[in-house]
Every structure is written in structure tokens, then in C-alpha cells.
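Enquirer: Before anything else, here's the structure in question.
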Amino acid sequence: MRLLNASGCLDALTAPEAVRELDAYVTKTVTPLARGGNSPVRIAETEVGMLNAIGLANPGIEAFVEEHLPRLARLGVPIWVSVGGFTVDDYVRVSERLDGFPEVSTLELNLSCPNVDEVPENVGEVVAAVRAVTAKPLYAKLSPAVADVTQTARAAEAAGADGLSLVNTIRGLALHERTLRPLLARGAGGLSGPALRPIALAAVHTCRRATELPIVGMGGVATGRHALELLAAGATDLAIGTAFFSDPGSTTRIRCELAAELATLGFANPDNAVGATHEPEGPTLDRGSSVDGEKYLHTTANMEG
Amino acid sequence: MLRRERRSVLGVEAVGPYTLLRVARGGLDPGTPGQFFMLEAPGRLLPRPMSVCLAPPGELGFLIDPVGSGTRALCGLGAGDRLGILGPLGNGFRLDVERPVLVGGGIGVAPFPYLSERLGAPAPAAVLGFRSAWHAEAAELVPNAEVVLEPTYVTDVMPAGHDVLACGPAPMLEAVRRLAARAQLAWEAPMACGYGACYGCAVEIDGELKRLCVEGPVLAAA
């Protein structure tokens, strides 16, 4: 199990010490050309999470490889580059350019930006096209805002993806207290934080059954318990996003809390908890010994209560 | 090193419609005037950026206008409550100025008590604009201040030939920069993180987007 940051939730150049606590660093999404992003206001808080409409602000692939990548490589943390675009060719262009850089460990295809068509056919098309130009591990970052996320996940798997990143934000709207106008200049934005957590859990849970791919689980992870639940649902790795905004030290805190949660439930390490939700006998409080029927019932009752 | 600390509230005082939140400093550097701290707002997902208003020994004071859910939650804190605090962050005012004048509007006067203190004696002149006499009670925190109330604007009475250090609503800052090209302006924007992670606080200035938490909040007018 590795702990990563969700793309766009940590800047390695302004918070290098926070990045060094991670097992791998995921960049903000890089597109072929530089983008300033959306006009302000770009973020808003709601009762259940935060909205952002940053708009894929990034320096463009050429400035990224020339100016940013050398500085990122010096951090000594594996670098995942989030790749974005508006056409299949955009993804190919960025991925092809990154293929020759050994300091880039993995490409994460941001296939779920609100500006990009999200139909499964398109996901498969993008993944297949990128697969043809790079040997690097490819993770497909998917939106949970589809009728059936397993369909998209299977399309990515069939097209040659090596893993899934689940989930991206979901579009939401927040209004000003008095003017009743949208708080964000763009109107709607991507909802992250606590509201996304059960949605992420469901997506990870269902994709774990539908594909063989490893899954980076993300969406509202703010505590060790949240991390444990995503692992149990089937995530093999985890990413922290919105939690960084209130505390740059979230990685180490969540790692410590997760260790305590695992110990309480008798898991020797995080990897042992992966997929626990799917085990036919269900979780028990005393792993390693034979399943105690009474204890199992008791645990189940607690979970339902 | 970016590390969120936990500190106790020492006291909460009303200043006109605003609230002065006094927090135990406990080893935190108050930073340069104009720099800010992210304060955990009880019950809210995101912390709120607040510039340092006062920095007496052992304390950090923040002047807060309860305009939204987060600022109202902060104003509802009481002595002994604890909160997460991260900072100081961003770039403050340059203090190497010869003839400073502080120009502020409304809650924009928040960093001026500490700024005035750090600029040293004699206290620099300050021109402060408010929408009412009640709001203008905040001017009592700023030495050597001239107060104007709407419909008079600070730009109507701002002295010429000074080094302007300004903080206030965006239209006021735009008006100030038209009159004083060498002014230092402290801008504000909603922020999620305060340390460059979220790109939420980018504002467009002269057609260029700047992250206020990293490149600001104090920027040169020209």
C-alpha cells in the first residue's frame, strides 16, 4: 500500500516537506499547452465538501519537462504525472513526450475532468492510444458520475491500463448566501471531501469485483479509518486530497492512524486489509485464528448498528 | 517547515462589528505584517486565512469580520478553546519605505496595527475608510489614523508623495494603484490551503493569474 496525493491537491515546489512524506507524488494535470485556468472565484466550501473549478491550470508539457520535472526529480519521491487533454491526440502528445524521462514513474490519465467527454468508449480510446506510445505504467482516473463505473473501468482495462484511480470529483454547485448567484465564477465545480467518500467507497468496491487492476482509492480520505475502509473495499493504494488543504502534515497523521486501526482489527499490515470487505466470512476482530461464529455475528451487528 | 500547530484562544473581544481573536503564540513566528495564518474554523472543512493584526508578546491577534460560515465560527470561539493554526504564510509588506502611509478600507485595516508597530516611531499616518461610525471603531487599533466615512473615499484624502501600503476591497485597491504606482497592495481571495497547494486563490491582475498565498497577498501595484 502506498500513500499518494490526489492530483492538484499538493504543489511539490511550495510544500516539498509534505511531498517527502508520500510514497509517490502525483503532479497537477499537464496538458499540451499552458493554461491559466478559470477566472476567480475558483473554490467554495459547502456543508459537505468543497467545490473547485481551477480549470487545469498548468505550464504546458514543454515547460513542465524543462523547468518543473528536474526540480521534482530532486525530491527523491517517485513522480506520477497526471496527463490531461481535450482530444485523444492531446493525451498522446503529452504521454509520448514523457515516455523518455526515467524520472517519471507512472502516468495517470485524467479522464474525468468536467471538460472532457466521459463516455466509456472515449476512455478506452484514450487509454489505447496512449498505450501505443508509452511503456510506462498507465493509471486511468475515472469519474464516479456515470451510470456504471465498472463499464468505464473494464474499458480502461481492455485498452491496456495498468491500474485505476478512483475517484475524481463530481460536479456540484454552491450559491452565495444573499445574492443566490453561484459562488464559483464558472458556476459549477468539482465536489471533493467528505461527501465524496461513500461514493469513492462504492466505486472502489464495485471495480474491485469487476477488474483485476490495482486501484488507487481516493475521495474524502481524512482519517486512518477512512483509509482502512477504502483498502477493505478493494483499493491497493490510497491518495489524500482535500485533507491537505487543512493540514499539510496529513500524510504522516493518516499513516499513523491507519496503523492503529489495522492493529485494532488484527491486520498485520495495510496490504492484508485490501479487499477485506469482499471476504466471504467478513471481517473478524481476531484475524489469523479460525472464524468464531459468535464473534462474527457480534461484529456484524456492530457494523449494522 | 509547514506544520499545523494547535493553540489556545486567550480571549475574544468585540471591536465595532468585528471580533478580535487573541490566540496563544507559543513559539510561532508572527511573521512580517501582511503575512497571514490559516485558522481552523470549528465545524468547517477548510481553514480561513487571517492576517496578523496584533503581535504582543506571547500572543497573536486576528481581527475578523463575521461575514460567512467560517468567520462566524471563528468569532464564536471562546477563551480556552483550541484551534489548528498554520503560518506565517505568504509575502507581507516591505518595511524599507521612507514616507509610509497606510491606506485601508473596512476589515482591510486588520494588518495595520501590527504594520504600524513594525514601521516604528513616529507612527506612520493612516487613512482609513469605513461604511459607518460603528465599523470605524476598528480605527482605534491603528495609531495616527484619519477616518473617513462613506460617501467619502480614502482616495479622496490620501496624501501625495508617500509610500502607500494599502489593504482593503479590490475596487479600493484598484483606485489606489491608479494614484500611487509604487504602492504595495494587500489583496484577498477565498483560499483552501494557504500554501500553494490548491490554486484556488489565483486572482487576475493585469491579465495575469497570481496565487495570492504564494506570490501575495501583498503585491507591488506596478
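Enquirer: If you rank A:K28, A:K136, A:K141 by fewest surrounding Cβ atoms within 10 Å, what's the result?
Expert: A:K136, A:K28, A:K141
Enquirer: Related question: Check cross-link reach from B:K210 to the aspartates and glutamates: straight Cα distance under 20 Å, and skip same-chain residues fewer than eight apart.
Expert: Candidates past the 8-residue exclusion: A:D11, A:E67, B:E174, B:E188.
Enquirer: Something else about it: Could you grab the relative contact order for chain B? Cα pairs under 8 Å, six or more apart, rounded to a whole percent.
Expert: 20
Enquirer: Across the range B:155-164, in residue order, what do the Karplus-derived ³J(HN,Hα) couplings come to in whole Hz, using 6.51 cos²θ - 1.76 cosθ + 1.60 with θ = phi - 60° and x for Gly and Pro?
Expert: 5, 6, 10, 5, x, 7, x, 10, 8, 7
Enquirer: Only helical DSSP H runs with n ≥ 4 go in: add -39500 (n - 2.57) per run for the protein assembly as shown, normalise by residue count and round the 222 nm mean residue ellipticity to 500 deg cm²/dmol.
Expert: -7000 deg cm²/dmol
Enquirer: Of all alpha-carbon pairs in the range A:2-59, indicate the percentage at a distance above 17 angstrom.
Expert: 51
Enquirer: Still on this model: In what sequence do B:D206, B:D29, A:D23 fall when counting other Cβ within 10 Å, fewest first?
Expert: If I rank by nearby Cβ atoms, fewest first, I get B:D206, B:D29, A:D23.
Enquirer: Normalised by the number of residues in the range A:126-236, what is the relative contact order in percent for Cα pairs under 8 Å and 6+ residues apart?
Expert: 26
Enquirer: Still on this structure, I have one more. How many Å³ per residue does the convex hull of the Cα positions in the range A:3-273 occupy?
Expert: 120
Enquirer: Then there is this: Mind listing the phi-derived Karplus ³J(HN,Hα) values for the range A:75-80, rounded to whole Hz, using 6.51, -1.76 and 1.60 with θ = phi - 60°, and x for any glycine or proline?
Expert: Values per residue, Gly and Pro as x: 6, x, 10, x, 9, 9 Hz.
Enquirer: Further question: Work out which GluC sites (Glu not before Pro) in chain A are exposed loop sites (DSSP not H, G, I, E or B, at most 10 other Cβ within 10 Å) and give the longest gap free of them.
Expert: A:1-176
Enquirer: Could you please rank B:Y199, A:Y139, placing first whichever residue has the fewest other Cβ atoms within 10 Å of its Cβ?
Expert: Exposure proxy ranking, most exposed first: B:Y199, A:Y139.
Enquirer: Within straight cross-link reach of A:K136, meaning Cα distance under 16 Å, which aspartates and glutamates are found once same-chain residues fewer than 8 apart are removed?
Expert: A:E96, A:D99, A:E103, A:E108, A:E157, A:D162
Enquirer: While we're here: Out of all Cα-Cα pairs in chain B, roughly what percent, to the nearest whole number, are more than 24 Å apart?
Expert: 39
Enquirer: May I have the pair-distance distribution P(r) for the range B:5-89, computed from all Cα-Cα distances with 5 Å bins from 0 and rounded to whole percent?
Expert: 3, 17, 30, 30, 17, 4, 0
Enquirer: In nm², what is the average projected area of the convex hull enclosing the Cα atoms of the protein assembly as shown?
Expert: Reported value for the Cα convex hull: 26.1 nm².
Enquirer: List every residue whose amide H lies under 5 Å from the amide H of B:A41, counting only residues 5 or more places away in sequence or on a different chain, with H placed 1.01 Å from N in the peptide plane.
Expert: For B:A41, the qualifying residues are B:R48.
Enquirer: Separate question: Rounding to the nearest 10 and keeping the result within 0 to 90°, find how far the Cα-based axis of helix A:224-233 lies from the longest principal axis of chain A.
Expert: 90
Computed from the coordinates by the stated procedures, all read-outs in this text should not be read as laboratory data. These figures come from a predicted structure and were not determined experimentally. Using ideal geometry, Cβ is built from the backbone for each residue, glycine included, and neighbour counts are taken over all protein chains shown.
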